[in-house]
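Here's the structure we're looking at; comments come further down.
The values are calculated or read from the model by the stated rules, or taken from the named source; none is laboratory data. The model shown is predicted, which means the values in this text are computed figures rather than measured ones. Virtual Cβ from ideal backbone geometry, glycine too; neighbours counted across all protein chains shown. Just so you know, the surface numbers come from the protein's heavy atoms only, side chains and all, with ligands and any DNA or RNA stripped out. Shrake-Rupley method; radii C 1.70, N 1.55, O 1.52, S 1.80 Å.
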Amino acid sequence: MNFAQLLNRTLNEKLFTLLVSASILLTPVAWAEDTMLPIKPEASITKAEREIIELSKTKWQWMADRNVGALDTLFHDKAVFVHMSRTMTKESELEVIRSGGIQYKKADVQEVAVNIIGNTAVLLNRIALLAVVRGNEVTNPFVVTEIYVKKNNKWKVASMSFTRLVTP
């Protein structure tokens with residue numbers, strides 16, 4: 001291999017490394033920009049979808065009020081809750097709310113989208129969540145995926161999953 005070929009190979013390797021590094025560094029920005037939910041025009045939202053959206057808003061208020069009785073009725077017995085640091089059952093989620101381990105002070109819902117598939121509803125909320133966690137007040141941007149199932153003609157929360165958004 002002559003000097004020109006060696007220099008060309010070295011430059012190609014450096015260019016490749018630079019491109020890979022740039023794509024890694026820019027990925028969080030792309031994630032943050034790609035947070036628009038698949039929102040339907042207001043006129044096309046069905047009665048059932050509106051019911052789920054309103055139920056979700058009510059649920060956020062009950063969580064802020066620490067209304068464990070209402071939440072106990074709303075949460076399915078087999079519900080799961082996925083947070084940034086752990087996954088919890090219905091009982092452990094209610095206990096965290098009851099004890100103030102996580103105090104949901106305010107969920108500022110910025111976008112909401114819902115899809116109903118048979119007796120299952122999938123709701124996505126993009127929120128800024130103000131909460132007190134382990135004594136510290138924090139605000140985090142999340143997309144919260146809520147899964148509802150219809151049981152005895154009533155919607156029940158089967159799952160809530162908090163995905164923290166990476167923002168620039």
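Screening Gly118 against (1) open to solvent by 30 Å² or more (accessible area, probe 1.4 Å); (2) under 17 Å from Asp72 (Cα atoms) leaves a single unmet condition, (2). Looking at the range 53-168, the strands (runs of 3 or more DSSP E) lying wholly inside it that each contain 1 or more residues that are out of contact with any strand residue (DSSP E or B) (no Cβ under 8 Å at 6 or more places or on another chain) sit at 75-82, 102-117, 136-151, 154-164.
Only residues that are β-branched (Val, Ile, Thr), over 8 Å from the mean Cα position of the chain (by Cα) and at pLDDT below 95 were counted in the range 140-168, giving 2.
Rundown of residues vs (1) modelled with pLDDT of 95 or more; (2) open to solvent by 90 Å² or more (accessible area, probe 1.4 Å); (3) farther than 28 Å from Arg134 by Cβ; (4) among the hydroxyl-bearing types (Ser, Thr, Tyr), yes/no style:
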{"residue": "Ile53", "(1), (2), (3), (4)": "yes, no, yes, no"}
{"residue": "Lys57", "(1), (2), (3), (4)": "yes, yes, no, no"}
{"residue": "Val68", "(1), (2), (3), (4)": "yes, no, no, no"}
{"residue": "Met88", "(1), (2), (3), (4)": "yes, no, no, no"}
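Within the range 95-118, residues that are without any contact (Cβ under 8 Å) to a residue 24 or more places away in the chain and over 20 Å from Val143 (Cα atoms) sit with their Cβ atoms under 9 Å from residues that are open to solvent by less than 50 Å² (accessible area, probe 1.4 Å) and in a strand (DSSP E or B), at 6+ positions apart or across chains, in these pairs: Glu95/Met88; Val96/Phe81; Val96/Met88; Val96/Ile102.
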